[in-house]
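Note sheet for the following structure.
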Ligand code: KG4
Ligand code: ZN
């Protein structure tokens, strides 16, 4: 069985094709067309422009994906799309393409929540096969441009949301701080790069909600704290120490994410830790996340517990892509069968604020 997945939730047009043979999954093609250059001059994604770009790019990219996989469109047995959450003009393009393809070819259409996709990116090994070593319960930390949340998975496709951001998402905070520091867009990779040359202890920035007794996050105060310090420098007509500020901001984010994840680990005792979303590309966050498991496995008080294993997604599957949806499609078809999704072209609708549920 060949599955074709589509992603257009924000500013990447993406397709992927996977094959399932004798119960084994293999990724055959994964293509992404980024619109960063189009949105850069606006300092952020312009939803209507992104829809226009998706429309312009989808056909050549679809052709490229089919060529990469060596499979003609008529041999696709199942389609998939992320109909939400995301920017509605952008989601409408991918969802309409997916519905049209599924209707025309009379094949099932499997909708995959964008965050379910990010979560399942970790199941994709570098060679495109599926990991079979991730044990449940798994604790998932999603860090993307639109979301920041901790979830507990007791099994495949089963999500209990433990905490989420009350204001800005962590990726959004990276992007806003990059704008304050006049680094450009998207901010995450730019902050990470310049932070390597900075002193993370130069500025004592807040670690929001780090001591609160829940698993929620808040990043807008941290961004405002950066803004105030920068303003002070500008008022004094002094050069802003950009690298130090980027490093201090990044460190505050790492400390906050890790403290909350650590708290959730202590409460729920998962067997696996999973990092997901575009911000999962950040080296400091990846390293600190892996360290949670290493430290716990060494700690005497947890010597009677099963070892905790941390997993981070391959870099190529961190940012928005369509390949990450495919493991989720695989497990959905395994659990519910193709029949459930036969009329998908009729049922699936783009939904900007689609909530993730089991
Ligand atoms: O998951 P994603 O590709 O899109 C959404 O679903 O939102 O995440 C995009 C976010 C952007 O805010 C971008 O600045 C951030 O991920 N990002 C990073 C890094 N690479 C991308 N943030 C920190 N460090 C990075 N290396
Ligand atoms: Zn995303």
In the stretch 121-138, what count of residues is obtained for those that are more than 27 Å from residue 87 (Cα to Cα) and under 15 Å from the mean Cα position of the chain (by Cα)?
0
Identify the single condition in (1) part of a helix (DSSP H, G or I); (2) touching a helix residue (DSSP H, G or I) at 6+ places or on another chain (Cβ under 8 Å) that residue 57 does not satisfy, given that it satisfies every other one.
(2)
Of the numbered conditions (1) surrounded by fewer than 20 Cβ atoms within 10 Å (Cβ to Cβ); (2) more than 15 Å from ligand 2 (Cβ to nearest atom); (3) in a loop (DSSP other than H, G, I, E, B); (4) modelled with pLDDT of 95 or more, residue 306 fails exactly one; give the number of that condition.
(4)
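Using the structure shown, decide if residue 95 is out of contact with any helix residue (DSSP H, G or I) (no Cβ under 9 Å at 6 or more places or on another chain), away from ligand 1 (no atom under 13 Å from the Cβ) and closer than 24 Å to residue 52 by Cα. Working first, answer last.
Working: out of contact with any helix residue (DSSP H, G or I) (no Cβ under 9 Å at 6 or more places or on another chain): yes; away from ligand 1 (no atom under 13 Å from the Cβ): yes; closer than 24 Å to residue 52 by Cα: yes.
Yes; evaluated as a whole, the condition is true for this residue.
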Residue list for the stretch 97-115, restricted to those being touching a residue at least 60 places away in the same chain (Cβ under 8 Å) and either part of a strand (DSSP E or B) or surrounded by fewer than 18 Cβ atoms within 10 Å (Cβ to Cβ) (or both)
100, 103, 109, 110, 111
Within the stretch 116-129, residues more than 16 Å from ligand 1 (Cβ to nearest atom) and either surrounded by 20 or more Cβ atoms within 10 Å (Cβ to Cβ) or farther than 14 Å from residue 325 by Cα (or both) come out as 123, 126, 127
Looking only at the stretch 165-183, decide whether some residue is surrounded by fewer than 18 Cβ atoms within 10 Å (Cβ to Cβ), modelled with pLDDT under 95 and within 13 Å of ligand 1 (Cβ to nearest atom).
no
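Is it fair to say residue 78 is touching a strand residue (DSSP E or B) at 6+ places or on another chain (Cβ under 8 Å) and either away from ligand 2 (no atom under 16 Å from the Cβ) or within 19 Å of residue 171 (Cα to Cα) (or both)? Working first, answer last.
Numbers: touching a strand residue (DSSP E or B) at 6+ places or on another chain (Cβ under 8 Å): yes; either away from ligand 2 (no atom under 16 Å from the Cβ) or within 19 Å of residue 171 (Cα to Cα) (or both): yes.
When the stated conditions are applied, residue 78 passes them.
The values are calculated or read from the model by the stated rules, or taken from the named source; none is laboratory data. Quick caveat, the model's predicted, so the values are computed rather than measured. Ideal geometry is used to build each Cβ from the backbone, glycine not excepted, and the neighbour counts take in all protein chains shown.
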